[in-house]
Every structure is written in structure tokens, then in C-alpha cells.
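Some notes on the structure that comes next.
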Amino acid sequence: MIYFFELIKYRNEQLFFFGLVCFILAVIFLLLSRISSVQLLGVNIWYKPFKFALSIGLYAITMAWYCYYLPSFNITLFNWTIIILFGFEILYIALQAGRGQASHFNLSTPLYATLYQLMGLAAAIVTFYTAYVGILFFINDFPNLPIAYLWGIRFGIIIFVIFSLEGGLMGGRMAHSVGGEDGNTGIPFLNWSKKYGDLRIAHFIGMHALQVLPLIANYLLKNTKAILFVSALYGLLALFTLIQALNGKPFHKL
């Protein structure tokens, strides 16, 4: 594990340290959730910043690893785009948690509405920048990469982009629950609704294709046809959970 982090630091020092800061913040937020009893929509106020910090840290470390393979790529511009935009998201979510206020779907004041819209813009920019990275993985040659691993990266990015954009569906509805209001009874910790459809499930599954598919390709399957098949199944799973949510059906009835 130490060697792995040393290798990431070698490949991309800026995203390595940003990811490390995100992981440290995630631990702090988790500890705060054990100390604070403040809840929002029936969930501890610090769970959201914890999950975002952890997810963004994973994204930073993952992209630090992948972008190292790209020839003639402006890595400095990419790094600072990710650090500034995602750094803003974590900061705002944490500040709102500290104030006992919602960060998402909060239009209660002009300032909160503006900051929420800026978060959406930041997420969109990162998503399209990641899509551009995905295009580079299609148009460039990577003779030193196993072909199955390369396809795992390609499909991981494709599915990530699609279901990252699905976040816009939640933003447009100003809610993640379908068939009822947000804040209903959910499964432990993730809080995915046990009563209504929940758009966060497909969002979560799809976005983490970025890590899951390349890992499966590199360490388990090591076969191009097999990873293409598994990638298709994974994408269909994410799509199925999205359709179920849109029909108002909860996760435990999948």
C-alpha cells in the first residue's frame, strides 16, 4: 500500500496531495459525525461532507494514475481545474454542514442559490474534462498497456461520465427521491431510500465504474472480451437502478 501511494505521488504529485487532503478531511468529517447529533433530513449533517470528501479523494487518486499514461497532455491545467473546482465543493458542503444548513437543493437565499448553481457548474466542468480525457484514451496509442486494462479504463470513463451527468437530473428535480420527499427512511449510512425511488444509487454505481472496471480488467479478468462483457453488464446494472428509481421503486426491491 505504501508503495502504491509512493507511485501515485511520483506520477502526479499535485493530485496525490489533493487526494490525501480529501482523505484526511473525510476522517475528520466522520469523527465529527460521531460527536455531533445535528441532523438534516433525518441524517447526520456530517455524512454528506464525509462521502463527498472520500469520493473526490478517490477520483483525484484515480485520475492521477490514469493521466500519467497520456502523451502530450497538459496535466498542470487538469490538476488545478480539479483542485480548485472540487476544493470549492468540499469547502462549501463542509461550511454548510457546520452551519446546520443544506448545501444541495438549497435556494433559500440568493447566496445559497448562487453557490449551489456554482457547485453544479463545477461538477459539469469536471465531468466534461474527464470525458475529454476519455477521448484521449481512444485516439492515442498505448502499446505498453495491456489491451484489456486499456478497455477497462475507456469503459470506466464512459460510464462515469454518463452517470455523473445523471446528477443534473437530480438538480433539475431539486430532489433525489422519486415518489416521495427526500429525508425518508434509508439504508444505513448511504441512506438510499427504503420507501421510494432514489436517483443517487445509479449515480453512485455509475461513477465508481471509474475505479471498478480497470481494477477488474487488470487484476481479475485480463481478457478483452471478458472486460467488454463485464463493462456492458455493469453499465446495464447502473441503467437498471436508474429506471427503477425513476419508477419510484426503492433499492431493496430491485
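Readers should treat all values here as calculations from the given coordinates under stated rules, not as data from a laboratory. The structure displayed is predicted, hence computed values, not measured ones. Neighbour counts are summed over all protein chains in view; Cβ atoms, including those assigned to glycine, are modelled from backbone coordinates with ideal geometry.
Between the helical axis of 110-139 and the longest alpha-carbon principal axis of the chain there is an angle of about 20 degrees.
Under the convention that each Lys and Arg Cβ holds +1 and each Asp and Glu Cβ holds -1, the size of the dipole of the range 141-254 around its Cα centre is about 280 debye.
As a calculated quantity, the FRET efficiency between residue 13 and residue 84 at R0 = 25 Å, using C-beta atoms, amounts to about 0.90. Quick one: helix 2-11 against the long Cα principal axis of the chain, what's the angle to the nearest 10°, folded into 0 to 90? Here the helix axis deviates by roughly 80 degrees. Rounded to the nearest 10 degrees, what's the angle between the helix 13-35 long axis and the longest principal axis of the chain, both from Cα atoms, 0 to 90? Taking the Cα atoms of the chain, the angle to 13-35 is about 30 degrees. In summary, the convex hull built on the alpha carbon positions of the range 141-254 has an orientation-averaged projected area of 7.7 nm².
The local environment of residue 33, defined by Cβ-Cβ distances under 13 Å, has a net charge of +3 under the rule Lys, Arg +1 and Asp, Glu -1. Considering only 184, 142, 160, and ranking their Cα positions along the charge dipole of the range 141-254 that arises from unit charges at the beta-carbon of Lys, Arg, Asp and Glu, the one farthest toward the positive end is 184.
Annotated for the chain: lysine pairs at least 8 residues apart or interchain, Cα distance under 21 Å, count 7. Taking the charge dipole of the range 121-244 about its Cα centre, with +1 at Lys and Arg Cβ atoms and -1 at Asp and Glu Cβ atoms, the residue from 217, 238, 199 reaching farthest to the positive side is 217. Which residues among the range 132-155 fall inside the zone where the amide N is under 20 Å from a point 7 Å beyond the Cα of residue 225, along Cα→Cβ? Counting backbone N atoms under 20 Å from the label point, the list is 146-153, 155. Calculated on the Cα set of the range 1-116, radius of gyration then Dmax: 16.1, 50 Å. Where only DSSP H runs of four or more residues are counted, the chain gives -23000 deg cm²/dmol as its mean residue ellipticity at 222 nm, each run worth -39500 (n - 2.57). Put a plus charge on the Cβ of each Lys and Arg, a minus charge on the Cβ of each Asp and Glu, and nothing anywhere else: the dipole of the chain about its Cα centre is then about 500 debye.
The distance linking the range 140-193 with the range 74-117 is 19 Å (Cα centroid to Cα centroid, whole angstrom).
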